[in-house]
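J.: Dumping the structure here so I can ask a few things about it.
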Amino acid sequence: MIKFDRVSKGYAEVSDALVNVSFTIGKGEMVFLTGRSGAGKSTLLKLIALVETVSRGQVFLDGQNLNRVSQREIPFIRRKIGLIFQDYKLLNDRTVADNIALPLLVAGYNHQDIKRRVRAVLDKVGLVGKEKSYPLSLSGGEQQRVGIARAVVNKPSLILADEPTGNLDPELSTEIICLFKQFKQVGVTVFVATHDLTQVVESGCRQLILDRGRLVSG
Amino acid sequence: MKGFFIVHLQALLFSLGQQLRTPFSSILTIAVLSISIALSGLFYLLVKNVTYLTGHLETSNQITLFLGQQVSEQDGRQLQRQLEKHRNIQATRLITKAEGLKEFEHYSGFGDALKALNSNPLPMVVQIFPRLSLTTQQQLQQLLDELKGLPGVSVAKLDMQWVQRLKAIIVLVERAVLVLASILGFAVIFITGNTIRLELQNRQEEVVIAKLVGATNGFIARPFLYSGFWYGFLAGILALLMITGLMKLLQSPLEQLTRLYLGYQDVVFLSVLNSVILLAVSSLLGVVGAWGVLVMQLNRLKPE
Ligand SMILES: Nc1ncnc2c1ncn2[C@@H]1O[C@H](COP(=O)(O)OP(=O)(O)O)[C@@H](O)[C@H]1O
Ligand SMILES: [Mg+2]
């Protein structure tokens, strides 16, 4: 599903955000990406989501070389990926239902399909009854579940989560990880960046460890 | 196809909704735009009216034939009658030597000087009023050449210099108005563009999130393009109201003016077609302004 081949990434100020990183993640796997703050976790996920481009090396997604993707193709590749963020990135002036519907609206689904799918996904993440609420009236755990609902509503084959439990207490974190495991069970590839090691150990999933841009285990 | 239509309709209504949500800044923008558009419209009307009026002025062209000193008054009258029947001549008027002298005395005040001469030095004159159907200079010139060759005619003059000058001025004014209208058109594009740029900035977060969930630039651009359309369209409507109001205000003094100078009253307003074109152009300019900004800015807006 994901293949990194000797990938390096530097920014103008930081020349070695990622150094010579190679790994593969198979379809339907659930993998954690760990490392200290500044190790390059977010950078690695951004390369997959086509938010950043590599300085050297190649990234493959579903067999497609992301170096060779044109600007026009980017939106269509992103529709295959569900992105989840530490700060949720919700639109606070839209209802929960409208937030979740965004990927479907963008992909041109019709009104009926959107309604049906939003209802289904609300049920899956346990937010039934909250569809008319606004994000800021929800708790952190609920907001993150809205973020997750938005990420999976379009039935992506890959979920990328960047510190999804970073702002949540341990109990809520466990709930979120459980949700991810459910998605893995139905064949979705899940790739989670976190520095919450207890969650990783408890889950028993594979772990990739970054240290100052280098992959030290995986 | 139906889905496509509905998506566009939604975006169109949504963008109007956005404008209604920020009425103050929208109204300001629309006001500024409408003033630019109304000015263009008024300039256009100015040119149209002047052209229309001078179109009638051309009919006041006339040719003056100065007859030779040796031509008798009888031969003069004979020539006048003959010319009266000419197919390109509407009317003629004979000014005999005596009448010429009287007019000269009356208008110049040099009468005493002429009285000192023992003979009348003024030639007999036939004034020719060409048919209204002769409108181009070429046709008039042709008639002039023909009259020049007649026996007894020593000099033939076409009195249309002032019409020509006026026409040259009108051409100049037309050009100036065209340039002004273009500048105002660019102003509309830039003002709309800037407004859309601010809207884009205000909704940056939304744009970035939409991009992250797979929105194409086209999808993101759509509501902003419609927003540009609404600015142009609403400003066009307001401009039409302004033009109509102003013309109503000016109508009676303008009519009085034309009646005084031309003997009839007629003021040209914007036709329905003009109004439709004005609305279409102003809407288009709004869309173009929005589009220009979107092309420049959309690829630059990145997650982060
Ligand atoms: N957009 C950017 N511009 C410049 N430097 C950046 C940018 N994003 C990240 N970095 C730098 O790259 C390194 C890795 O950052 P990041 O990938 O965010 O690490 P992590 O997510 O593991 O905390 C850090 O030193 C960070 O300062
Ligand atoms: Mg990070």
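J.: Beyond 16 Å, what share of the Cα-Cα pairs of segment B:61-158 is found? Please give it as a whole percent.
T.: Value for segment B:61-158: 57 percent of Cα pairs lie more than 16 Å apart.
J.: How big is the convex hull of the Cα atoms of the protein assembly as shown, per residue, in Å³?
T.: Dividing the Cα hull volume of the protein assembly as shown by its residues yields 232 Å³.
J.: A further question on this structure: Tell me the net charge near A:Ala101. Cut-off is 12 Å between Cβ atoms, A:Ala101 excluded, with +1 for each Lys or Arg and -1 for each Asp or Glu.
T.: That sum, taken over residues with Cβ under 12 Å, equals +3.
J.: For A:Phe183, B:Phe104, write out the residues from largest to smallest accessible area, computed with a 1.4 angstrom probe and no ligands counted.
T.: Final ranking, largest accessible area leading: B:Phe104, A:Phe183.
J.: If eta is 0.692 mPa s and T is 37 °C, what Stokes-Einstein diffusion coefficient results for segment A:1-143, Kirkwood Rh from Cα pairs, in µm²/s?
T.: Translational D for this selection: 189 µm²/s.
J.: Taking every eigenvalue of the Cα gyration tensor of segment B:215-261, multiplying by 5 and rooting it, what semi-axes result, largest first, whole Å?
T.: Listed largest to smallest, the semi-axes of segment B:215-261 are 44, 8, 4 Å.
J.: Listed highest first by mean packing, meaning other Cβ atoms within 10 Å per residue, what order do A:96-105, A:164-173 come in?
T.: Per-residue mean Cβ counts within 10 Å order the peptides as A:96-105, A:164-173.
J.: Within 10 Å of each Cβ in B:201-210, how many Cβ atoms from other chains are there, averaged over the peptide?
T.: Averaged over the peptide's residues, the number is 3.
J.: Tell me the Kirkwood hydrodynamic radius of segment A:34-115 in angstroms, computed as one over the mean inverse distance between distinct C-alpha pairs.
T.: When all Cα pairs of segment A:34-115 are included, the Kirkwood radius is 15.0 Å.
J.: Here's something else I'd like to know. Taking 0.36 nm per residue of sequence separation and subtracting the Cα-Cα distance, how much length would be gained by fully extending the chain between B:Gln139 and B:Val295, in nm to one decimal?
T.: Between B:Gln139 and B:Val295, full extension yields an extra 50.7 nm.
J.: Apply the a/c threshold of 1.5 to the C-alpha gyration tensor of segment A:108-167 and tell me whether it is rounded, prolate or oblate.
T.: Oblate is the answer for segment A:108-167, as a/c is 1.5 or above yet b/c matches or exceeds a/b.
J.: Moving to a separate point now. Using DSSP, restrict attention to beta bridges with both residues in the protein assembly as shown and report what percent are antiparallel, rounded to the nearest 5.
T.: Given both bridge residues lie in the protein assembly as shown, the antiparallel proportion sits at roughly 65 percent.
J.: Cα-based Rg of chain B per 2.2 N^0.38 Å, rounded to two decimals?
T.: Normalised Cα radius of gyration, chain B: 1.65.
J.: Going by alpha carbons, how many degrees (0 to 90, nearest 10) lie between the helix axis of A:111-125 and the longest principal axis of chain A?
T.: For A:111-125 against chain A, the angle is about 70 degrees.
J.: Next question, about the same structure. Could you state the orientation-averaged shadow area of the convex hull built on the Cα atoms of segment B:172-221, in nm² to one decimal?
T.: 4.0
J.: Can you give the convex hull volume per residue for the Cα atoms of segment B:141-182, as a whole number of Å³?
T.: In segment B:141-182, the Cα hull volume divided by residue count equals 55 Å³.
J.: Let me ask something else about it. Going by Cα centres, segment B:23-39 and segment A:47-102 are how many Å apart?
T.: Segment B:23-39 and segment A:47-102 have Cα centres separated by 39 Å.
J.: Okay, next question. Cβ neighbours within 10 Å, averaged per peptide: list A:43-52, A:60-69 in order, most packed at the top.
T.: A:43-52, A:60-69
J.: Can you give the average number of partner chain beta-carbon atoms within 10 Å of each beta-carbon in peptide B:211-224, as a whole number?
T.: Partner Cβ neighbours, averaged per residue: 6.
J.: Give the residues of segment A:35-68 whose amide nitrogen is closer than 19 Å to a point set 7 Å from the Cα of A:Val14 in the direction of its Cβ.
T.: Correct set: A:35-57.
J.: Counting Lys +1, Arg +1, Asp -1, Glu -1, what net charge surrounds B:Glu73 among other residues with beta carbon under 12 Å of its beta carbon?
T.: The answer is 0.
J.: Separate question: Beyond 19 Å between alpha-carbons counts as too far, so tell me which of A:Lys80/B:Lys211; A:Lys3/A:Lys80; A:Lys41/A:Lys155; A:Lys80/A:Lys184 fall in that bin.
T.: Pairs exceeding the cut-off: A:Lys41/A:Lys155.
J.: Rank-order A:4-11, A:154-161, B:87-94, B:225-232 by packing density, defined as the average count of other C-beta atoms within 10 Å over each peptide's residues, highest first.
T.: The densest-packed peptide leads the list: B:225-232, A:154-161, A:4-11, B:87-94.
J.: Shifting gears a bit: From largest to smallest, what semi-axes in whole angstrom does segment B:213-304 give when each is the square root of 5 times an eigenvalue of its alpha carbon gyration tensor?
T.: 45, 10, 9
J.: What angle do you read, to the nearest 10 degrees and between 0 and 90, between the alpha-carbon axis of helix B:217-262 and the longest principal axis of chain B?
T.: 30
J.: Okay, moving on. Using just the alpha carbons, could you tell me how many Å³ per residue the convex hull of segment B:140-240 encloses?
T.: Convex hull volume per residue, Cα atoms: 137 Å³.
J.: Which net charge results for the neighbourhood of A:Leu44, defined as the other residues with beta-carbon distances under 12 angstrom from its beta-carbon, given Lys and Arg at +1 and Asp and Glu at -1?
T.: Around A:Leu44, the charge tally is +2.
J.: Expressed as an acute angle from 0 to 90° and rounded to the nearest 10, what is the orientation of the C-alpha long axis of helix A:96-106 relative to the principal long axis of chain A?
T.: Computed tilt is about 60 degrees.
J.: Per the 1.4 Å probe, what fraction of the accessible area of the protein assembly as shown, in percent, lies on carbon and sulfur atoms?
T.: Carbon and sulfur together cover 60 percent of it.
J.: Provide a whole-number value for the mean count of partner chain Cβ atoms within 10 Å of the Cβ atoms in peptide A:105-116.
T.: Partner-chain Cβ atoms within 10 Å, mean over residues of A:105-116: 3.
The values are calculated or read from the model by the stated rules, or taken from the named source; none is laboratory data. In this text, all values refer to a predicted model and were calculated from it rather than measured experimentally. With ideal geometry, Cβ positions are generated from the backbone for all residues, glycine too; neighbour counts draw on all protein chains shown. Heads up: the accessible areas ignore ligands, DNA and RNA and are worked out on the full protein's heavy atoms, side chains in. Shrake-Rupley method; radii C 1.70, N 1.55, O 1.52, S 1.80 Å.
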